[in-house]
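Working notes for the structure below.
The values are calculated or read from the model by the stated rules, or taken from the named source; none is laboratory data. Owing to the predicted nature of the structure, the values given are computational and were not obtained by experimental measurement. As a convention, Cβ positions derive from the backbone with ideal geometry for all residues, glycine included, and neighbour counts pool all protein chains shown. What goes into the accessible areas is simple: the full protein's heavy atoms, side chains included, and nothing from ligands, DNA or RNA. Shrake-Rupley method; radii C 1.70, N 1.55, O 1.52, S 1.80 Å.
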Amino acid sequence: MRFGHPWIFSGALASAPQTENATLADILSSRGELLGQGFYTPHARLAVRMLAQPGEPIFSTETIHRRLAAAIERRRQLFTGKNNSARLVFAESDFLPGLIVDQFDGILSVQLNGAFAEHYRADILASLNALLKPKEIFDTSDNDARNREGLKGVSRIHNADETIIMSGGIRYAARIGAGQKTGFYLDQRTNRAIVAEHAAGCRALDAFCYSGGFSLACAKAGATAVTAIDSSADALQLFARNLELNAADLPQREKINTVQADVFEELRKMKAAGEKFNLIILDPPKLAPSRSKTVAAEKAYKDLNLQALHLAAPGALLATFSCSGAMTFDKLRQVLHYAAHDAGKQLQILQPLVQAEDHPVLLAFPESEYLRGYLCRVYI
Ligand code: SAH
């Protein structure tokens, strides 16, 4: 906290307000020195979320409005002709703990993931309405995060309306509130463009494709064939819709094939069939849901990368990702090293890949860094 980390766990508190209600509180060190203001949640392991340092104005709903306005302003340059969507608020990284706001064209998808955000729900929504005048705001909160702070989960609404997201110059259909995450994976925007730069003339494999973000970017950039795998029928249905939406930019649409399958199994089948690709993208869901699961997750990441390397043609590119917070760049590198060793290949790292800039990493809050990857070249 002293160095700006915005959380204090309950075990670190010598004493706490005698209240059953979550509340704003002054936070003092053991020597009685004022450390700042925080939001205290009784009975939660994450007991305090810091809100203001000494010397900053006293925290109030005015502060929330100011921080929302500033976070929105910081994303303004992203809304060019190529993007009508971005993450506007990334929780602690934007000094609004547990609050996520994604804009998808005229719609907002808001997550109130904790007691602080829930406590100020009405103020947050009023500010967002005043600042952005959205057509609609959907609550897509993460119920696990809410339950950890003793809050009731919110139920997902059935949104039958399609929103057309424009991200990186590509159109995507989404049913905000009904699909995965907040509706679309905004965090991979820049990486899709980086990978697509290498796609011309490639046979590409997009494993864990969801609605086709990487596939569409690669196809548009001139990949000669794209095979995309996901286990979710709903995701592949969105993908099919996205192919229609981008038809004008995809002259070789028949070269894009989707496969509904488990990636771990499908890659093995492809190896048996002798398939080879020049560009492979691995973007799995969180395989390490918590720090305690890291060892099992490392094995899964290694297996995944090993299977993918078996499918790599000489000189192929591999864009491999992890969105598990606990999987550091060092660990990911080690996993790749083991996978390359077992596959009998050499790997060159061309560049590390990170979450897009509308998901900034706050230095004092390492937990805000979660999406990591490497673009590698594979040698036999
Ligand atoms: N690359 C995507 C995002 C991937 S999210 C994009 O750019 O938008 C992870 C995806 O993995 C989800 O769509 C989920 O349905 C899929 N998934 C999870 N486990 C899987 C498995 N074992 N096999 C295949 N797909 C899986």
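Overview of values
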{"item": "Selection status of residue 144, without any contact (Cβ under 8 Å) to a residue 12 or more places away in the chain and among the acidic types (Asp, Glu)", "result": "yes"}
{"item": "Matching residues in the stretch 289-316 - criterion: being in contact (Cβ under 8 Å) with a residue 24 or more places away in the chain, of a type in the set (Gly, Ala, Ser) and out of contact with any Leu (no Cβ under 7 Å at 6 or more places or on another chain)", "result": "290, 313, 315"}
{"item": "Failed item in (1) of a type outside the set (Gly, Ala, Ser); (2) touching a Ser or Thr at 6+ places or on another chain (Cβ under 9 Å); (3) more than 15 Å from residue 245 (Cα to Cα); (4) surrounded by 19 or more Cβ atoms within 10 Å (Cβ to Cβ), with residue 137 passing the rest", "result": "(4)"}
{"item": "The stretch 284-309, subset among the hydrophobic types (A, V, I, L, M, F, W, C) and open to solvent by 10 Å² or more (accessible area, probe 1.4 Å), residue farthest from the ligand (Cβ to nearest atom)", "result": "295"}
{"item": "Of the criteria (1) more than 14 Å from the ligand (Cβ to nearest atom); (2) open to solvent by less than 10 Å² (accessible area, probe 1.4 Å), which one residue 329 fails", "result": "(2)"}
{"item": "Subset of the stretch 184-238 [polar (S, T, N, Q), crowded, with 24+ Cβ neighbours inside 10 Å and more than 7 Å from the ligand (Cβ to nearest atom)]", "result": "191, 215"}
{"item": "Residue within the stretch 301-311 that is at pLDDT 95 or above and either on the phi > 0 side of the Ramachandran plot or out of contact with any helix residue (DSSP H, G or I) (no Cβ under 9 Å at 6 or more places or on another chain) (or both) present", "result": "no"}
{"item": "Test: residue 252 is among the polar types (S, T, N, Q) and away from the ligand (no atom under 11 Å from the Cβ)", "result": "yes"}
{"item": "Failed item in (1) over 30 Å from residue 162 (Cβ atoms); (2) open to solvent by less than 20 Å² (accessible area, probe 1.4 Å); (3) of a type in the set (Asp, Glu), with residue 102 passing the rest", "result": "(1)"}
